[in-house]
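**Student:** Please see the structure below; I have some questions.
The values are calculated or read from the model by the stated rules, or taken from the named source; none is laboratory data. Computed from a predicted model, the values in this text were never measured in an experiment. As a convention, Cβ positions derive from the backbone with ideal geometry for all residues, glycine included, and neighbour counts pool all protein chains shown.
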Amino acid sequence: MNRRIACLTLVLSMTLALPAFAQVLPPGEPIPGEGIKLHRSGLDTYEELRKDAMQAVNEGLARLDAVVKTKSRDKKLNEDLWEAYCDEMFGTWTIKNDRTEIKLTAEKKDLKEQQAYRSMNQKFLDDIRDSGVQIMYWRGKLYEDRVALESAIEDGPEKFKMYDRDLKAAVRILDDVAKMLGQDSPALKDIETLLGSLVQVADRVWTVGISMRVTVERIEQSYGKEAPALDKKAEAALKRWESAKESFPGVMGLWLDFPVLWSKAMRKEWDEFVKVRKSFDEMYQPLVKGTWLDVYAPFKGKDYDDLTTVTDRARGDLRALRLKVQSRDADMEKLRKAYEEEDRISDGERKVVQEHAGKYGPYAEREMRLASVAREHEFGYRDKSLAITRGKYGSEEERRQAQLKLDDELKKLREKEKATVDAWLKEKAAEDGKIAKLLEARKARRAKLGLTGDFD
């Protein structure tokens, strides 16, 4: 409101000239480069004042048409520009109609026709402004959602390639375990080698399961399990535009063409979003529904947090087989105890290494970076900036200061996120060093028992 008052005050203070009536600019024509200009032709007459008001709408609608067609989704070039153009158009329209009514009153002429004309067109213009701001805001949010979906689609193939690689490796090792369990007396060395391979893929299976669960949770929180319906407020605004010719029968036909064509353009953007969402769902729905694992027989039907129950069971079977083979040794009891103690120590070390992989591995780093991006999205810069634009302030300077404060908050958030990532990488390097020392000591200890440094 303050902005509109300021605009009206500015226009009132200007020496407005009277125009020769301009032809209506059809939708799609280039917009005037320097705003609304009127041309003096002589003394104010009733007809010239009305032509001036109409010219302001002609040029204003053409400029709004360019906002609809802009490729930019910057808030300043969409919601903000829409309101600014409407303010300028309304300013000239209001002043010219006010002057017309003052002139008619001074000449003691009937105001009914002028007031009916003004009221009819004012309702149309009010809807252009109010529906337009709503739709521009919706389009900005739609764009943000679409970019997020496209980013997830772009990231998907690499993510699923990693899942597929690790799960196929696990399936191959599990098949080898099944074959070894069917042998009468396999070599102890072969059992040890297979146990080491099994543990390696088990760790990868564990990280795959965690990544899958986190991915599904993020999809449900950020995008929803299913594609959303068109926003109700935007839908209502689009329907008002689509029915403009029926709703405002007395308004100039070429004016009414604008909202009808704008609604088609917005519907097209929604259709494009729906296509992107469909591609997203085709890629991720099998993961959300749990059917993505169906092609990996040992893991079919498992919860993502329970994938390692498969490899744990196979590991237990191999350990039992190893003990059976070891019973052929003369000093079996002593060896058994040594192996049992080693198994106890090894289990603890395995847990440490597994937790390290889950906290600092490639999947963890990917999710950490995605979470950082998500926090910036959740900060809601666009929504807060829109609230500042529409909010009530004592002056434009107060509004500007509020926007600068918001920009500074966004800058600080980004700096904080960078510091968080850098701290995580530094912490990871230190923890990697600890794990390297643990594995080196483990290898030396197990060598005394004739075992490899691999986990079993």
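**Student:** Do you know which residues across the stretch 350-386 are free of Cβ contacts under 8 Å to residues at least 40 places away in the same chain and outside any helix (DSSP H, G or I)?
**Tutor:** Selection gives G380 alone.
**Student:** Out of S279, S247, S211, which single residue is at pLDDT 90 or above and crowded, with 18+ Cβ neighbours inside 10 Å?
**Tutor:** Only one candidate passes the filter, namely S211.
**Student:** Given the criterion of a type in the set (K, R) and surrounded by 12 or more Cβ atoms within 10 Å (Cβ to Cβ), identify the matching residue among K337, K359.
**Tutor:** Exactly one residue qualifies, and that residue is K359.
**Student:** Now for a different question. Quick check: anything in the stretch 125-139 under 23 Å from E365 (Cα atoms) and either of a type in the set (D, E) or crowded, with 16+ Cβ neighbours inside 10 Å (or both)?
**Tutor:** Scanning the stretch 125-139, I find no residue that is under 23 Å from E365 (Cα atoms) and either of a type in the set (D, E) or crowded, with 16+ Cβ neighbours inside 10 Å (or both), so the answer is no.
**Student:** Kindly indicate which of E88, E34 is modelled with pLDDT under 90 and out of contact with any Ser or Thr (no Cβ under 6 Å at 6 or more places or on another chain).
**Tutor:** After applying the criteria, what remains is E34.
**Student:** Here's another thing I want to ask about it. Based on this model, can you work out whether S279 counts as within 26 Å of R118 (Cβ to Cβ) and either small (G, A, S) or part of a loop (DSSP other than H, G, I, E, B) (or both)?
**Tutor:** No, not satisfied.
**Student:** Ok, one more. Restricting attention to the stretch 427-456, report how many residues are charged (D, E, K, R), in a loop (DSSP other than H, G, I, E, B) and either touching a residue at least 12 places away in the same chain (Cβ under 8 Å) or not assigned by TED's automatic domain parsing to the domain that holds E365 (or both).
**Tutor:** Of the residues in that region, 2 qualify.
**Student:** Looking at (1) surrounded by 17 or more Cβ atoms within 10 Å (Cβ to Cβ); (2) small (G, A, S); (3) not in a helix (DSSP H, G or I), find the lone condition where A314 falls short.
**Tutor:** (3)
**Student:** Limited to the stretch 372-405, what total is found for residues that are under 24 Å from A419 (Cα atoms) and more than 20 Å from the chain's Cα centre (by Cα)?
**Tutor:** 2
**Student:** Of E342, E417, which residue is in contact with an Asp or Glu (Cβ under 8 Å, 6 or more places away or on another chain), of a type in the set (D, E, K, R), touching a residue at least 24 places away in the same chain (Cβ under 8 Å) and surrounded by 15 or more Cβ atoms within 10 Å (Cβ to Cβ)?
**Tutor:** Of E342, E417, the one residue that is in contact with an Asp or Glu (Cβ under 8 Å, 6 or more places away or on another chain), of a type in the set (D, E, K, R), touching a residue at least 24 places away in the same chain (Cβ under 8 Å) and surrounded by 15 or more Cβ atoms within 10 Å (Cβ to Cβ) is E417.
Table: residues versus (1) touching a strand residue (DSSP E or B) at 6+ places or on another chain (Cβ under 8 Å); (2) crowded, with 18+ Cβ neighbours inside 10 Å; (3) under 16 Å from G316 (Cα atoms).
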site: A170; (1), (2), (3): no, yes, yes
site: L174; (1), (2), (3): no, yes, yes
site: V177; (1), (2), (3): no, yes, yes
site: L181; (1), (2), (3): no, no, yes
site: S185; (1), (2), (3): no, no, no
site: L188; (1), (2), (3): no, no, yes
site: T193; (1), (2), (3): no, no, yes
site: V201; (1), (2), (3): no, yes, yes
site: W206; (1), (2), (3): no, yes, no
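**Student:** Taking the condition of being in a helix (DSSP H, G or I) and of a type outside the set (S, T, Y), how many residues in the stretch 387-396 meet it?
**Tutor:** 4
**Student:** Restricted to the stretch 136-165, and to residues that are free of Cβ contacts under 8 Å to residues at least 12 places away in the same chain and of a type in the set (K, R), which residue is nearest to A234 (Cα to Cα)?
**Tutor:** My answer is K161.
**Student:** Restricting to the stretch 47-72, count the residues that are of a type in the set (S, T, N, Q) and assigned to a helix (DSSP H, G or I).
**Tutor:** Residues flagged as of a type in the set (S, T, N, Q) and assigned to a helix (DSSP H, G or I) within the stretch 47-72 amount to 2.
**Student:** Here is a further query. Which number in (1) more than 22 Å from D305 (Cα to Cα); (2) surrounded by 15 or more Cβ atoms within 10 Å (Cβ to Cβ) marks the one condition that K159 misses?
**Tutor:** K159 satisfies every listed condition except (1).
**Student:** Right, next: Count, please, the residues in the stretch 141-151 that happen to be of a type outside the set (D, E, K, R) and in contact with a helix residue (DSSP H, G or I) (Cβ under 6 Å, 6 or more places away or on another chain).
**Tutor:** Residues meeting the conditions: 2.
Residue by residue, here is whether (1) aliphatic (A, V, I, L, M); (2) modelled with pLDDT under 80; (3) at positive phi; (4) more than 49 Å from the chain's Cα centre (by Cα) holds:
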site	(1), (2), (3), (4)
R322	no, no, no, yes
E349	no, no, no, no
V353	yes, no, no, no
A364	yes, yes, no, no
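**Student:** Among the residues of the stretch 364-381, is any outside the structural domain of A84 (by TED's automatic domain parsing) and closer than 30 Å to L451 by Cβ?
**Tutor:** Yes, the stretch 364-381 has at least one match.
**Student:** Residue by residue through the stretch 397-426, note down the ones that are more than 26 Å from H356 (Cβ to Cβ) and either polar (S, T, N, Q) or outside any helix (DSSP H, G or I) (or both).
**Tutor:** Those that are more than 26 Å from H356 (Cβ to Cβ) and either polar (S, T, N, Q) or outside any helix (DSSP H, G or I) (or both): Q401, Q403.
**Student:** Among the helices (runs of 4 or more DSSP H) confined wholly to the stretch 162-264, which include 2 or more residues that are of a type in the set (S, T, N, Q) and either closer than 27 Å to A152 by Cα or in contact with a helix residue (DSSP H, G or I) (Cβ under 9 Å, 6 or more places away or on another chain) (or both)?
**Tutor:** 188-222
Yes/no matrix, rows are residues, columns are (1) under 24 Å from K359 (Cβ atoms); (2) more than 36 Å from the chain's Cα centre (by Cα); (3) among the aromatic types (F, W, Y):
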{"position": "P186", "(1), (2), (3)": "no, yes, no"}
{"position": "D190", "(1), (2), (3)": "no, yes, no"}
{"position": "V199", "(1), (2), (3)": "yes, yes, no"}
{"position": "D203", "(1), (2), (3)": "yes, no, no"}
{"position": "S222", "(1), (2), (3)": "yes, no, no"}
{"position": "P249", "(1), (2), (3)": "no, yes, no"}
